[in-house]
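Written below as structure tokens is the structure these notes are about.
The values are calculated or read from the model by the stated rules, or taken from the named source; none is laboratory data. No experiment lies behind these values; they were computed from the predicted model shown. Neighbour counts are summed over all protein chains in view; Cβ atoms, including those assigned to glycine, are modelled from backbone coordinates with ideal geometry. Please note that ligands, DNA and RNA were not included when accessible areas were found on the heavy atoms of the full protein model with its side chains. Shrake-Rupley method; radii C 1.70, N 1.55, O 1.52, S 1.80 Å.
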Amino acid sequence: LLPILMWSLLAPLRVPTVPVKNLTGSSPFHPALAGEDGAAAGARITGILMSAAGLPVCLTRPPKLVLHPPPVSKSEIQPIPGISHSCRKTTKKQAKKGKTPEEVLKKYLQKVRHPPDEDCTICMERLSAPSGYKGPQPAVKPDLVGKLVKCSHVFHLHCLVAMYNNGNKDGSLQCPTCKTIYGVKTGTQPPGKMEYHIIPHALPGHADCKTIRIIYNIPPGGFLLPLPTLQGPEHPNPGKSFTARGFPRHCYLPDSEKGRKVLKLLLVAWDRRLIFAIGTSSTTGESDTVIWNEIHHKTEFGSNLTGHGYPDINYLDNVLAELAAQGITEESLTQEKD
């Protein structure tokens, strides 16, 4: 009621103009404006009352989303030192043919003759009892128990084989308890292209260097395309088409020593088909669509309104940790060369 009372008292008086800053420069702002909405009217009345009381008034526009850098000509785009190419396509790596799941997992396990008195975290039955897995039965006895050689977690061998058969079957295994990776983990990313180069603009918080721009492009999969691509046997719905929204997707890294390190590891993740997957979008709820696969990228060039931009002092360290969780570390760079 107080603002209404003050307004009624001030109405007979000459209404002062309010200087507005950070819009299109400083200019007088008169209350008699047509077409303003409720929020603008409320802000105008508040500004008038504050001005009448001798208080400073400064109205500003909300922050602006800046997704892309200023235009860049072809002559300004530079290759990234230490990386021989500026583009690569998806490669598909699979386990060696002729290897059964039992043969693949055998090299990661040690048999346990006397199981500990605890539950198998896959089937939740006691390790001293047979496996409780009720799906398609693997060709191993349900009462055999194995210990993973790196992390020493213990499971029914029956359960581990079933878990492997329900996964990507790429010759690798990830411990369901601690996420330790055995072998080389690969994903289910559909065919596409990854481009990367340097542009002559700086990211917020990285004024001392230029910017690495990454462009991902994955076409949708369907029967009507010139080269039809459908979901494969590793995807949720084999033989069905899928959508690919928002491509090409532009992402940004600072052209610093750590930024280049992240790029090299992202290239390994791309080759291992771990950047994207086909699934259900967490934002739209759409199924059978291309989604990010737990490795976060920065898609805002000059702002951070959605949390996907700069400045973000922790981003490079966070994405290195996410890559490591997928089994991609500096050692992976040596493995890829070999």
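For segment 121-137, residues that are surrounded by fewer than 16 Cβ atoms within 10 Å (Cβ to Cβ) and either touching a residue at least 12 places away in the same chain (Cβ under 8 Å) or farther than 17 Å from LYS111 by Cα (or both) total 9. Restricting to segment 276-305, name every residue that is of a type in the set (S, T, N, Q) and in contact with a Ser or Thr (Cβ under 9 Å, 6 or more places away or on another chain). Passing the criteria: THR280, SER281, SER287, THR289, ASN293, THR299.
Can you confirm whether segment 169-186 contains a residue that is open to solvent by less than 30 Å² (accessible area, probe 1.4 Å) and within 30 Å of PRO81 (Cβ to Cβ)? Scanning segment 169-186 turns up at least one residue that is open to solvent by less than 30 Å² (accessible area, probe 1.4 Å) and within 30 Å of PRO81 (Cβ to Cβ).
For segment 293-307, filtering for residues that are among the polar types (S, T, N, Q) and either within 25 Å of LYS185 (Cβ to Cβ) or open to solvent by less than 50 Å² (accessible area, probe 1.4 Å) (or both) leaves 3.
Taken together, the residues in segment 256-288 that are open to solvent by 20 Å² or more (accessible area, probe 1.4 Å) and at positive phi amount to 1. Filtering segment 308-335 to residues that are among the charged types (D, E, K, R) and either open to solvent by less than 50 Å² (accessible area, probe 1.4 Å) or not assigned by the TED database to the domain that holds VAL262 (or both) leaves ASP312, GLU322.
Considering (1) without any contact (Cβ under 8 Å) to a residue 12 or more places away in the chain; (2) closer than 23 Å to GLU330 by Cβ, the lone condition that THR283 does not fulfil carries the number (2).
Per the conditions (1) outside any loop (DSSP other than H, G, I, E, B); (2) touching a strand residue (DSSP E or B) at 6+ places or on another chain (Cβ under 6 Å), the sole criterion not satisfied by HIS297 is (1).
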